[in-house]
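The values are calculated or read from the model by the stated rules, or taken from the named source; none is laboratory data. The structure presented is a predicted model; accordingly, all values stated were derived computationally and were not measured. No Cβ is skipped: glycine too gets one built from the backbone with ideal geometry, and neighbour counts run over all protein chains shown. Just the protein is used for accessible areas: all its heavy atoms, side chains included, with ligands, DNA and RNA removed. Shrake-Rupley method; radii C 1.70, N 1.55, O 1.52, S 1.80 Å.
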Amino acid sequence: MSYSIIGFGEVGQALARAFARKNIDVTVASRRPPGMLMQQARAIGPTVVPRTLQDAIASDTIFLAVPFWEHREVAKQITTWQGKTIIDATNTFAPVEDLDGQPSSAVVAKAFTGARFVKGFNHLPAAVLAADPSVNGGSRVVFLSSDDENAVAPVAVLAEQLGFAPIALGPLKDGGSLVQARGNTWAELIFQDFVKFK
């Protein structure tokens, strides 16, 4: 299984730290050429490898960590996303009217035709997401939601490999709505830092 993170700002780097902590290889890419990401990637760890956007898209599982509306540019890179899993870690501050009343993740999902699509890893501030998810003997919670039940299980397995405790919240209209930051209305679970104990 190959993994990539598209977007190498605060959230992208936080996700890269999670991979580096567990020595799992991950490709990172952004609008900038790979050479410009090298210094930050090396500082995070040797398993974090900057490559081109095309290289990142070739991965099986792709974290989307770009500013919200840039998802459209990423989605245009190939005509079908069949066989790929997209994990949407974006948030939007667009008012509800701009999204026709839909959860932000439903808007993103539409752009990635054919993909297995999961909203996840977006509800924590980047600094918290970057920290070790092992907390006082428990594991930091990440919420996952998708309209495709079969898509959630492998992402939950990956979350556990990265040291997090995944909790499935159901379909995007329910679960996605619980974890989105949008406009002046923050959902109930946005930025809530929970730890699950076995």
For region 21-38: of the residues being modelled with pLDDT of 95 or more and closer than 16 Å to Ile62 by Cα, which is surrounded by the fewest Cβ atoms within 10 Å (Cβ to Cβ)? Asp25
Set Gly114, Gly137, Gly170, Gly120: member being modelled with pLDDT of 90 or more and open to solvent by 50 Å² or more (accessible area, probe 1.4 Å): Gly137
Filtering region 8-43 down to residues that are without any contact (Cβ under 8 Å) to a residue 40 or more places away in the chain, within 19 Å of Ala159 (Cβ to Cβ) and out of contact with any strand residue (DSSP E or B) (no Cβ under 9 Å at 6 or more places or on another chain) yields Asn23
Please enumerate the residues belonging to region 103-154 that are among the small types (Gly, Ala, Ser) and over 24 Å from Phe191 (Cβ atoms). Ala111, Gly114, Ala115, Ala151, Ala153
Some residue of region 1-8 being loosely packed, with under 13 Cβ neighbours inside 10 Å, more than 13 Å from the chain's Cα centre (by Cα) and under 18 Å from Phe121 (Cβ atoms): yes
In region 72-103, which residue that is in a helix (DSSP H, G or I) and out of contact with any strand residue (DSSP E or B) (no Cβ under 6 Å at 6 or more places or on another chain) is most open to solvent (accessible area, probe 1.4 Å)? Glu97
Filtering region 56-71 down to residues that are surrounded by fewer than 16 Cβ atoms within 10 Å (Cβ to Cβ) and at pLDDT 95 or above yields Ala58, Asp60
For residues that are touching a Ser or Thr at 6+ places or on another chain (Cβ under 6 Å) and farther than 24 Å from Ile57 by Cα, tally how many sit in region 106-150. 1
Output the number of residues of region 104-114 satisfying the condition of being over 10 Å from Leu64 (Cβ atoms) and not in a helix (DSSP H, G or I). 2
